[in-house]
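Right, one structure below, let's go through it.
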Amino acid sequence: MVKTVVIAGASRGIGLEFVRQFAQDGWRVHACCRQPEKADALKAALNGRNGLIHALDVTDDSSIQELAQAIDDEPVDVLINNAGIMPDDRKADGTMDYEAWEAALRTNVIAPFRVVEALVDRIDAGQMHVIANVSSLMGSIGDNRSGGDHIYRTSKTALNMVTVNLAEDLRTRGITVLAFHPGWVRTDMGGPNAAVAPEDSVRGMREQIAAAVPDQSGGFTNYDGTPLAW
Ligand SMILES: NC(=O)c1ccc[n+]([C@@H]2O[C@H](COP(=O)([O-])OP(=O)(O)OC[C@H]3O[C@@H](n4cnc5c(N)ncnc54)[C@H](OP(=O)(O)O)[C@@H]3O)[C@@H](O)[C@H]2O)c1
């Protein structure tokens with residue numbers, strides 16, 4: 001039976017690579033991006049494949065509701081909450097950009113929760129019952145020995161708590177909720193010197209998703225499956 005995935009933040013980078021790999025493997029892909037009319041790489045990735053492109057700004061509740069209506073009563077096996085932003089590094093030196101901090105919390109923390117809330121019944125109706133939140137090792141408190149990046153770090157730490165909290169809330173429904181560090185990946189966000197190719201990062205996360213069992217719900221792992229410190 002064909003499996004179905006919903007990917008938020010699918011226009012480029014890691015999200016686009018998720019689309020490519022799931023589509024090549026014959027999945028039905030709901031690929032979500034802010035500007036479908038400009039998503040040429042996404043259109044190319046889905047050309048001739050079983051997939052749909054949806055307009056989705058994850059910070060806009062009406063946009064999320066429109067996505068849920070478009071998916072209608074279709075079961076969803078896997079939800080990938082990948083959309084994220086990394087505002088400029090700011091420190092406690094009088095230069096903090098508080099609007100950027102609020103925007104990061106809206107995009108990286110509140111939005112993934114909101115997408116889950118809108119689609120949880122569809123995920124319940126699927127076969128695999130997996131929610132994957134693309135977090136970051138920069139959100140790890142235990143790993144932080146370098147400081148800086150207050151905005152991005154706190155947003156991903158909070159996303160990790162959302163992951164654990166949802167894992168507990170959804171355990172009785174058999175839904176597995178995972179947080180991933182995708183590695184330092186060569187994307188617009190990671191930059192050209194990053195260590196990991198998007199292909200390898202996504203292949204690794206897909207392997208973890210395919211093998212996920214309910215006992216792993218609420219876990220935080222590297223893309224290669226290594227458990228990470230909170
Ligand atoms: N690259 C790394 O080294 C790295 C490391 C750790 C964690 N991560 C995480 O991995 C995820 C993907 O990162 P990436 O490297 O692929 O970044 P990227 O190349 O900057 O891509 C970010 C994606 O998120 C989308 N997005 C941002 N805000 C959105 C919104 N409000 N609504 C819908 N989509 C939105 C972007 O869409 P637009 O094209 O419309 O802007 C784009 O598709 C992020 O959550 C990031 O924090 C990345």
Taking the stated definitions as given, is R20 among the basic types (K, R) and at pLDDT below 95?
-> no
Going through the stretch 29-53 one residue at a time, which ones are under 17 Å from P198 (Cβ atoms), surrounded by fewer than 17 Cβ atoms within 10 Å (Cβ to Cβ) and more than 12 Å from the ligand (Cβ to nearest atom)?
-> A44
If D143 satisfies every condition in (1) within 10 Å of the ligand (Cβ to nearest atom); (2) touching a residue at least 60 places away in the same chain (Cβ under 8 Å); (3) more than 15 Å from the chain's Cα centre (by Cα) but one, which is the exception?
-> (1)
Quick one: in the stretch 1-10, which of the residues that are in contact with a strand residue (DSSP E or B) (Cβ under 6 Å, 6 or more places away or on another chain) and over 14 Å from D40 (Cα atoms) is surrounded by the fewest Cβ atoms within 10 Å (Cβ to Cβ)?
-> V2
Could you look through the stretch 146-181, keep only residues that are under 18 Å from V116 (Cα atoms) and among the charged types (D, E, K, R), and pick out the one that is nearest to the ligand (Cβ to nearest atom)?
-> K156
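Given P198, P227, P192, which one is surrounded by fewer than 19 Cβ atoms within 10 Å (Cβ to Cβ), closer than 24 Å to P87 by Cβ and not aliphatic (A, V, I, L, M)?
Numbers: P198 fails: surrounded by fewer than 19 Cβ atoms within 10 Å (Cβ to Cβ); P227 fails: closer than 24 Å to P87 by Cβ.
After ruling out the rest, the residue left standing is P192.
Evaluate the following for A158: is it closer than 26 Å to T226 by Cβ and buried (at least 20 other Cβ atoms within 10 Å of the Cβ)?
Working: closer than 26 Å to T226 by Cβ: yes; buried (at least 20 other Cβ atoms within 10 Å of the Cβ): no.
Judged against the criteria, A158 is not a match.
Could you check the stretch 21-118 for strands (runs of 3 or more DSSP E) lying wholly inside it with 1 or more residues that are touching a Cys at 6+ places or on another chain (Cβ under 8 Å)? Even if it seems obvious, please write down each step before you answer.
Working: elements: 28-33, 51-55, 78-81.
Hits in the stretch 21-118: 51-55.
Considering each of G26, G13 in turn, give the residue that is out of contact with any strand residue (DSSP E or B) (no Cβ under 7 Å at 6 or more places or on another chain), away from the ligand (no atom under 12 Å from the Cβ) and in contact (Cβ under 8 Å) with a residue 24 or more places away in the chain.
Numbers: G13 fails: away from the ligand (no atom under 12 Å from the Cβ).
One residue alone meets the criteria, G26.
The values are calculated or read from the model by the stated rules, or taken from the named source; none is laboratory data. Because the structure is a prediction, the values reported are computed rather than measured. Reconstructed Cβ throughout: ideal geometry from the backbone, glycine too, with neighbour counts over all protein chains shown.
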